[in-house]
Amino acid sequence: MSTSTISALDQVSLAPEVRAALDAAPRIVVPASRAELYDLALGGGKPEFEVRFDAAGTSVHEATVVRAKNGLAVNYPEDYMRRRDPDSMRIGDDLPTDKPRYADVYGKPFAPLREETLRWLSTQELIVVPFKAGGPVYGYPSLAIVPVPAAFFAVALGDLQGWVTFAEIGPFTPRAVLYTAPPFRQTHFEGRQVVVHHRSHTLHEIFSYNLYPGPSAKKGVFSVLLDIGQHESWLTCHASSVKVTTPYENSTVVMHEGASGGGKSEMGQDIHREDDGRILVGVNVVRDEPYHITLSEACTLAPITDDMTLCHPSIQLNDGRLVVTDAEDGWFVRVDGMKEYGMDPAFERVAIQPADPLLFLSLQGRPDATTLPWEHTFDSNGQPTPNPRVVVPRHSVRNVVDDPVEVDVRTFGVRMPLCTKSHPTYGIMGMMHVVPASLAWLWRLIAPRGDKNPSIGEAKEDEETLKHGGLVSEGVGSFWPFSTGTKVGGANLLLDQLIDHDRTRYVLVPNQHIGAYKIGFAAEWLTREYLARRGGGRIYRDQLVEARCPLFGYRPTEVKLDGQQIRPTLLAPESQSQVGKKAYDTGARVLTNFFKHELVQYLTDDLHPLGRQIIEACLNDADVAEYDRLTPLYV
């Protein structure tokens with residue numbers, strides 16, 4: 001260990017057993033720059049490097065890292081490792097939680113494995129890097145300890161959370177520590193992704209026993225922020241946000257939430273156009289009939305956040321609007337929707353000709369060639385993997401907003417399946433629905449994962465899932481998969497946030513389908529255009545009517561863009577001749593029964609009194625007026 005390394009680590013207050021592990025390690029590397037860390041990820045500058053670890057005497061090939069012209073292309077030999085396992089979180093402490101405890105799953109306490117992990121790390125050459133959980137301005141000083149062969153993992157962490165040096169932070173006690181020990185996936189967990197969270201009131205330790213960064217370097221840090229927020233009564237939302245400026249230079253800030261695959265990344269994308277400039281709103285699948293509109297000039301977009309949206313109390317203005325800023329320094333962008341050149345020119349420019357080399361996951365990489373965002377790695381079934389990713393520094397995104405901003409509209413996206421008379425489903429949400437805060441809260445409690453989620457493995461089709469039409473709840477603001485706390489605790493924080501910021505409008509938007517129409521993300525993009533043109537998303541009550549399904553709140557009587565009226569059948573899917581009221585009502589029953597099934601678990605003594613009233617209203621088949629009475633619609 002060099003003198004400079006000793007000096008850097010001396011600034012960090014660590015538990016004695018962690019300090020002892022670092023002192024015993026044969027080599028400690030504290031990279032002075034990202035370039036140094038990048039070189040380590042290639043095994044010292046090799047054009048192609050296999051990441052291997054010894055697991056009980058067997059050399060296990062965990063990943064291959066390729067030096068492309070535009071960055072590092074990382075590929076995992078196993079299909080399973082190319083996406084986040086939704087059942088990877090384990091809790092290794094005794095603090096309150098509703099998540100699976102390590103002791104309950106494996107029948108023994110975590111403490112011996114924690115000790116064994118530190119003992120294994122003490123035998124390895126290690127990279128030690130500081131980072132700020134929550135971003136460079138409002139973040140909490142933290143530390144990562146990663147074996148040198150897995151340096152690409154440290155690159156991912158640094159790019160997502162922001163590169164910072166020990167000198168810039170100064171002396172500190174870490175609020176979080178991330179340990180990476182890949183061989184334990186084979187020796188202790190039968191090849192499964194496992195991330196163990198070990199919490200105290202002042203320290204959150206993340207033990208990552210796999211090298212896919214999704215559940216640890218990405219969402220594990222989200223867990224840290226949610227844990228801190230539960231202690232301090234604030235939230236980090238699972239959301240993207242964008243400043244939308246009309247051709248008349250009026251601006252509206254839209255914050256978009258939803259389960260994985262709900263359109264968060266897409267909210268910051270320009271509207272996709274056909275070669276002739278028209279916008280494909282959707283295709284009637286039954287009639288194979290496309291429906292286009294023209295939009296001479298679209299709004300300009302200034303992205304604010306992509307996935308982890310910090311709502312820190314220090315930035316709230318108490319004017320009735322939520323104030324947000326980014327909790328990350330880099331964005332973990334899924335590019336499964338990119339099929340060919342020209343689909344997203346702005347993003348392609350960033351990915352293909354970056355200012356600094358990027359990190360690509362599950363994209364085809366060849367030494368010294370350009371990795372292209374539409375050339376996805378193939379799974380063993382011969383199909384492109386559904387979860388290719390690019391880590392994009394937010395500073396490289398055009399027009400990105402760095403300062404905290406006030407939110408005007410919070411939209412919520414849901415993946416909807418095709419719904420027809422012959423095959424009725426819950427895919428009955430209209431192009432946009434305006435809802436009071438009470439319904440906005442219920443949708444966030446449920447956070448339906450929806451149709452064919454691409455980000456994680458397929459949901460288990462058990463009897464209960466099939467009963468509810470394949471619906472699965474991601475739960476509590478869609479941040480629940482990453483929370484180490486309790487569901488009711490998260491639900492209360494979310495309801496308090498909605499009540500405290502009562503000058504916000506709430507809108508539901510579908511993606512993939514509206515009844516018999518295949519729409520992709522067109523409804524989300526057109527709703528964004530429409531809300532911005534109305535100045536902060538204002539829609540008057542006389543322009544709204546109750547939706548046929550009360551869970552959808554209200555729908556607009558009409559939507560016009562540049563003088564063109566959107567087909568009324570997209571606002572009220574029950575009016576589509578291929579759907580009709582009978583199929584719509586069948587889908588509404590499926591959705592309503594699913595909500596009721598999921599909501600009863602929140603009716604505990606710890607639930608907010610208003611939350612109990614809202615849930616009981618749903619269980620009693622309340623109409624829209626009842627939800628509106630509980631939390632009056634802001635118009």
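The values are calculated or read from the model by the stated rules, or taken from the named source; none is laboratory data. Being a predicted model, the structure only gives us computed values, none of them experimental. Note that each Cβ is placed from the backbone with ideal geometry, even for glycine, and that neighbours are counted across all protein chains shown. Note: accessible area is taken over every heavy atom of the protein model, side chains too, but ligands, DNA and RNA are not part of it. Shrake-Rupley method; radii C 1.70, N 1.55, O 1.52, S 1.80 Å.
If only one of SER251, SER240 is open to solvent by 30 Å² or more (accessible area, probe 1.4 Å), at pLDDT 95 or above, touching a strand residue (DSSP E or B) at 6+ places or on another chain (Cβ under 6 Å) and not hydrophobic (A, V, I, L, M, F, W, C), which one is it? Outline the logic, then answer.
Numbers: SER240 fails: open to solvent by 30 Å² or more (accessible area, probe 1.4 Å).
So the residue among SER251, SER240 that is open to solvent by 30 Å² or more (accessible area, probe 1.4 Å), at pLDDT 95 or above, touching a strand residue (DSSP E or B) at 6+ places or on another chain (Cβ under 6 Å) and not hydrophobic (A, V, I, L, M, F, W, C) is SER251.
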Practice prompt. Can you run down the residue pairs with Cβ atoms below 8 Å, 6 or more apart or on separate chains, where the first is in the range 337-363 and charged (D, E, K, R) and the partner is assigned to a strand (DSSP E or B)?
Written response: ASP356/PRO393
Practice prompt. Give the range 391-431 a look and list any residue that's among the β-branched types (Val, Ile, Thr) and touching a Pro at 6+ places or on another chain (Cβ under 6 Å), or say none.
Written response: VAL397, VAL400, VAL414, THR425, ILE428
Worksheet item: Could we say that GLY427 is within 29 Å of ALA532 (Cα to Cα), free of Cβ contacts under 8 Å to residues at least 40 places away in the same chain and not charged (D, E, K, R) here?
Response: no
Worksheet item: Within the range 62-72, is there a residue that is in a helix (DSSP H, G or I) and among the small types (Gly, Ala, Ser)?
Response: no
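Of ALA25, ALA68, ALA20, which residue is touching a Leu at 6+ places or on another chain (Cβ under 6 Å) and either among the charged types (D, E, K, R) or touching a residue at least 40 places away in the same chain (Cβ under 8 Å) (or both)? It would help to see each step written out before you state the result.
Details: ALA68 fails: touching a Leu at 6+ places or on another chain (Cβ under 6 Å); ALA20 fails: touching a Leu at 6+ places or on another chain (Cβ under 6 Å).
Result: ALA25 is the single residue among ALA25, ALA68, ALA20 that is touching a Leu at 6+ places or on another chain (Cβ under 6 Å) and either among the charged types (D, E, K, R) or touching a residue at least 40 places away in the same chain (Cβ under 8 Å) (or both).
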Item to complete: Could you tell me whether the range 161-175 includes any residue that is under 29 Å from SER362 (Cα atoms) and either crowded, with 24+ Cβ neighbours inside 10 Å or basic (Lys, Arg) (or both)?
Response: yes
Item to complete: Would you mention how many residues in the range 151-201 are more than 25 Å from the chain's Cα centre (by Cα), farther than 22 Å from GLU36 by Cα and of a type in the set (Val, Ile, Thr)?
Response: 2
Fill in: Unmet criterion (only one of (1) under 16 Å from GLY587 (Cβ atoms); (2) in contact with a strand residue (DSSP E or B) (Cβ under 9 Å, 6 or more places away or on another chain)) for PRO550
(2)
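Among THR411, THR420, which is the only one that is of a type in the set (Val, Ile, Thr), open to solvent by 10 Å² or more (accessible area, probe 1.4 Å), within 20 Å of GLY520 (Cα to Cα) and in contact (Cβ under 8 Å) with a residue 60 or more places away in the chain? Write out each step before concluding.
On the way: THR411 fails: open to solvent by 10 Å² or more (accessible area, probe 1.4 Å).
So the residue among THR411, THR420 that is of a type in the set (Val, Ile, Thr), open to solvent by 10 Å² or more (accessible area, probe 1.4 Å), within 20 Å of GLY520 (Cα to Cα) and in contact (Cβ under 8 Å) with a residue 60 or more places away in the chain is THR420.
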Discussion item. Of everything in the range 119-129, what is part of a helix (DSSP H, G or I) and open to solvent by 10 Å² or more (accessible area, probe 1.4 Å)? Give them in sequence order.
Written reply: ARG119, TRP120
Practice prompt. Assess whether TYR634 counts as being at pLDDT below 95, of a type outside the set (Asp, Glu) and either surrounded by 15 or more Cβ atoms within 10 Å (Cβ to Cβ) or in a helix (DSSP H, G or I) (or both).
Written response: yes
Worksheet item: Scanning for something open to solvent by less than 70 Å² (accessible area, probe 1.4 Å), hydroxyl-bearing (Ser, Thr, Tyr) and within 25 Å of the chain's Cα centre (by Cα), does the range 1-18 turn up at least one residue?
Response: no
Practice prompt. Give me a count of the residues in the range 287-338 that are more than 21 Å from VAL401 (Cα to Cα), modelled with pLDDT of 95 or more and within 26 Å of the chain's Cα centre (by Cα).
Written response: 0
Worksheet entry | Subset of the range 353-387 (residues that are surrounded by 17 or more Cβ atoms within 10 Å (Cβ to Cβ) and among the β-branched types (Val, Ile, Thr)) | THR371, THR377, THR385
Discussion item. Looking at GLY220 and the list (1) in a helix (DSSP H, G or I); (2) open to solvent by 10 Å² or more (accessible area, probe 1.4 Å); (3) modelled with pLDDT of 95 or more, which single condition is not satisfied?
Written reply: (2)
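Select from the range 147-193 the residues that are in a loop (DSSP other than H, G, I, E, B) and among the β-branched types (Val, Ile, Thr) and write down the one among them that is nearest to LEU22 (Cα to Cα).
Quick first cut of the range 147-193, residues in a loop (DSSP other than H, G, I, E, B) only: 162-165, 170-171, 173-175, 181-183, 188-193.
Checking the rest, the ones that are also among the β-branched types (Val, Ile, Thr) come to 164-165, 173.
Working: VAL164: 20, THR165: 18, THR173: 16 Å.
The qualifying residue nearest to LEU22 (Cα to Cα) is THR173.
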Worksheet, complete the sentence: Subset of the range 334-352, residues of a type in the set (A, V, I, L, M, F, W, C) and open to solvent by less than 20 Å² (accessible area, probe 1.4 Å), comes to VAL335, MET338, ALA351
Discussion item. Can you pull out every residue in the range 133-142 that is surrounded by 24 or more Cβ atoms within 10 Å (Cβ to Cβ) and either modelled with pLDDT of 95 or more or not in a loop (DSSP other than H, G, I, E, B) (or both)?
Written reply: ALA133, SER142
Practice prompt. State yes or no: is PRO112 outside any strand (DSSP E or B), farther than 30 Å from GLN601 by Cα and either open to solvent by less than 50 Å² (accessible area, probe 1.4 Å) or not hydrophobic (A, V, I, L, M, F, W, C) (or both)?
Written response: yes
Worksheet entry | Tally of residues being open to solvent by less than 10 Å² (accessible area, probe 1.4 Å), over 13 Å from the mean Cα position of the chain (by Cα) and modelled with pLDDT under 95 across the range 254-271 | 0
Discussion item. Of all residues being β-branched (Val, Ile, Thr) and out of contact with any strand residue (DSSP E or B) (no Cβ under 8 Å at 6 or more places or on another chain) in the range 483-531, which is farthest from HIS231 (Cα to Cα)? Just the residue, please.
Written reply: ILE499
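Being closer than 23 Å to SER314 by Cβ, more than 18 Å from the chain's Cα centre (by Cα) and at pLDDT 95 or above is true for just one of HIS231, HIS204. Which residue is that? Quick ask: steps written out before the conclusion?
Values: HIS231 fails: at pLDDT 95 or above.
Within the list HIS231, HIS204, the selection yields HIS204.
Kindly indicate the residue of the range 504-535 that is outside any helix (DSSP H, G or I) and charged (D, E, K, R) and also surrounded by the most Cβ atoms within 10 Å (Cβ to Cβ) among those meeting that condition. Please lay out each step first, then the result.
Quick first cut of the range 504-535, residues outside any helix (DSSP H, G or I) only: 504-521, 534-535.
Going one step further and asking which of them are charged (D, E, K, R), we end up with 505, 518, 534.
On the way: ARG505: 25, LYS518: 15, ARG534: 18.
Among them, the one singled out is ARG505.
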